[in-house]
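The values are calculated or read from the model by the stated rules, or taken from the named source; none is laboratory data. Keep in mind the model is a prediction, meaning the values are calculated, not measured. Cβ placement follows ideal geometry from the backbone for every residue including glycine, while neighbour counts extend to all protein chains displayed.
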Amino acid sequence: MSQMDFPALWRKWIMGILSSARSSILVNGSPTLEFKIERGVRQGDPLSPLLFILAMEALHVATVTANASGIFKGCKMPNNGPTISHLLYADDVLFVGEWSESNIQNLSRLLRCFNLSSGLKVNFNKSQLFGVGVDMGVVEQKAFILNCKTGVLRFSYLGLPVGSTWDW
């Protein structure tokens, strides 16, 4: 948050909220003694969405920086269009990039750095790698690098069809 120029007092308030959280659970309808929350925010905490958005902003900045420096190569759109490297929506991220071993390795490194700096981990069990015009065996090899599943085109992303030949 300091890199985003949040005032010191505001950062101190957030740290105070995160470090002073206490909770209790119900066992057979009776509350237990309170215990200190050791890490992070609780599910349903009103501060949680704001902090998550700040973390996603950090991932966005890291990806833009990696793209600008040539570490991660997004897809250049035709007719002098922009280069698209990622799309973010709530807790969903879609990375789009050039198909190469180095690009996939660098994406893996980028996500590892994000994990180390934010404490947030990608759930690779829910993640998929797609290759457009790439042999499925090659996609499986690259998915192994990222430790994720392979995906096949003609899928739905955020309720929208992606791929070719959809029956409307």
Among the residues of region 116-141, how many are in contact with a strand residue (DSSP E or B) (Cβ under 6 Å, 6 or more places away or on another chain), of a type outside the set (A, V, I, L, M) and farther than 24 Å from A90 by Cβ?
-> 1
List every residue pair whose Cβ atoms sit under 8 Å apart, with the two residues 6 or more apart in sequence or on different chains, where the first one lies in region 30-58 and is closer than 13 Å to I14 by Cβ and at pLDDT 80 or above and the second, anywhere, is aliphatic (A, V, I, L, M) and in a loop (DSSP other than H, G, I, E, B).
-> L54/M1; L54/M4; A55/L120
Taking the condition free of Cβ contacts under 8 Å to residues at least 12 places away in the same chain, within 30 Å of L160 (Cβ to Cβ) and more than 13 Å from the chain's Cα centre (by Cα), does P7 pass?
-> no
Return yes or no: is N67 surrounded by 16 or more Cβ atoms within 10 Å (Cβ to Cβ) and at pLDDT 90 or above?
-> yes
Before we move on, is F95 in contact with a His (Cβ under 6 Å, 6 or more places away or on another chain) and not polar (S, T, N, Q)?
-> yes
